[in-house]
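The values are calculated or read from the model by the stated rules, or taken from the named source; none is laboratory data. These numbers come from a predicted model, not from an experiment. With ideal geometry, Cβ positions are generated from the backbone for all residues, glycine too; neighbour counts draw on all protein chains shown. For accessibility, only protein heavy atoms count, side chains too; no ligands or nucleic acids. Shrake-Rupley method; radii C 1.70, N 1.55, O 1.52, S 1.80 Å.
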Amino acid sequence: MMQRYFLELAYIGSGYKGFQIQPVDVTVQSQVENALGTLLRQKFNLTGSSRTDAGVHAHQNFFHFDTDIQLQPKQLYNLNAILPPDIVVKGIYKVSAQAHARFDAESRLYRYIIYRKKDAFFYQRGWYYPFSIDMPVLHSVAAIIKASRDFTSFSKRNTQAKTFNCKVEESVWTTEGNTLVYTVSANRFLRGMVRALVATMLKAGRHTITIDQFQDIVDSKDCSRADFSAPAHGLYLTQVSYPPSIFSEPVAIL
């Protein structure tokens, strides 16, 4: 009898060409599928909750897959022993046959990390941005994002999205020691959206554009007016939220 499982994982994205499987390139998905195949001696086609671009990191992401093998707690350790050190499976959960890693996700939360002084420990883990920033302006444009619904201006052109509407639940800038952090959560995100939001808001924070001009970019629904220059290595998928009933029967948790 087939059983559906959710895998919860975290990874450093620097060495991968994104999350989703690619024909040739090494991705997070290809590594996990290969590790599962080695462990269970089956071929797996995983379904992911959220696609992250090349270089983007995740504190939490999910796959689902089906198998007729009843997984045991010890297989969490075994799976992590096969995976490379920059990918870790944090939990294995039995779920219903209808549970879906992507479609059942209620919201996703991202954090973008900027460090203001040179710091070797943030190299490839944040964006080095040693410029003066007007924080009240950043707070103002972050509030514009939370009040917006159509994010066409912040989506890359080559996308399969059928709608550009997103319900943003949180959009806030905070300072944490030497770092400046943008936190945004929404029911869904478009391709390149968070990095475009960050880079374009920073233009306002440096007075390259005004708050009114930022609003005009949002309203224009024209991605050529947004800035997509924020590097991938500053971005972290931090949380994917599901109904609590999804995880009613954990097999193993780190």
Task: For the range 47-144: rounded, prolate or oblate by the Cα gyration tensor [a/c cutoff 1.5] - done: oblate
- [ ] Please report, as a whole percent, how much of the solvent-accessible surface of the chain comes from carbon and sulfur atoms (probe radius 1.4 Å).
- [x] 50
Open item on the list: So for the chain, if I pair up every lysine 8 or more residues apart or on another chain, how many of those pairs have alpha-carbons under 27 Å apart?
Closed with: 24
Task: Size of charge dipole - the range 1-51 - debye, nearest 20, with Cβ of Lys, Arg +1 and Asp, Glu -1, no other charges - done: 120
- [ ] Quickly estimate the mean residue ellipticity at 222 nm for the chain, helices only: each DSSP H run with n ≥ 4 gives -39500 (n - 2.57), and the total goes over all residues, rounded to 500.
- [x] -7000 deg cm²/dmol
- [ ] Please work out the average accessible area per residue across the range 110-181, using the 1.4 Å probe convention, and give it in Å².
- [x] 58
- [ ] Could you size up the charge dipole of the range 183-222 around its Cα centre, putting +1 on the beta carbon of Lys and Arg and -1 on that of Asp and Glu, and report it in debye to the nearest 20?
- [x] 280
Open item on the list: Please list, by residue number, everything in the range 211-254 whose backbone N is under 17 Å from a paramagnetic label point 7 Å out along Cα→Cβ of Asn178.
Closed with: 234
Open item on the list: 7 Å from Cα along Cα→Cβ at both Val24 and Ser229: what's the point-to-point distance in nm?
Closed with: 3.0
- [ ] Can you figure out the FRET efficiency of Asn165 with Ser241, using R₀ = 30 Å and their beta-carbon distance, to the nearest 0.05?
- [x] 0.95
Task: Neighbour-limited loop hits for GluC sites (Glu not before Pro), the range 105-181 (at most 12 other Cβ within 10 Å; DSSP other than H, G, I, E, B) - done: Glu106
- [ ] Mind giving me the FRET efficiency for Phe121 and Ser14? R0 is 22 Å, r the Cβ-Cβ distance, nearest 0.05 is fine.
- [x] 0.95
Task: the chain: radius of gyration over Cα atoms, expressed as a fraction of 2.2 N^0.38 Å - done: 1.07
Open item on the list: Just to confirm my numbers, what's the Cα centroid distance between the range 132-210 and the range 1-38 in Å?
Closed with: 28
Task: Label point 7 Å beyond Cα of Glu249 along Cβ direction - residues of the range 94-121 with amide nitrogen under 19 Å - done: 94-101
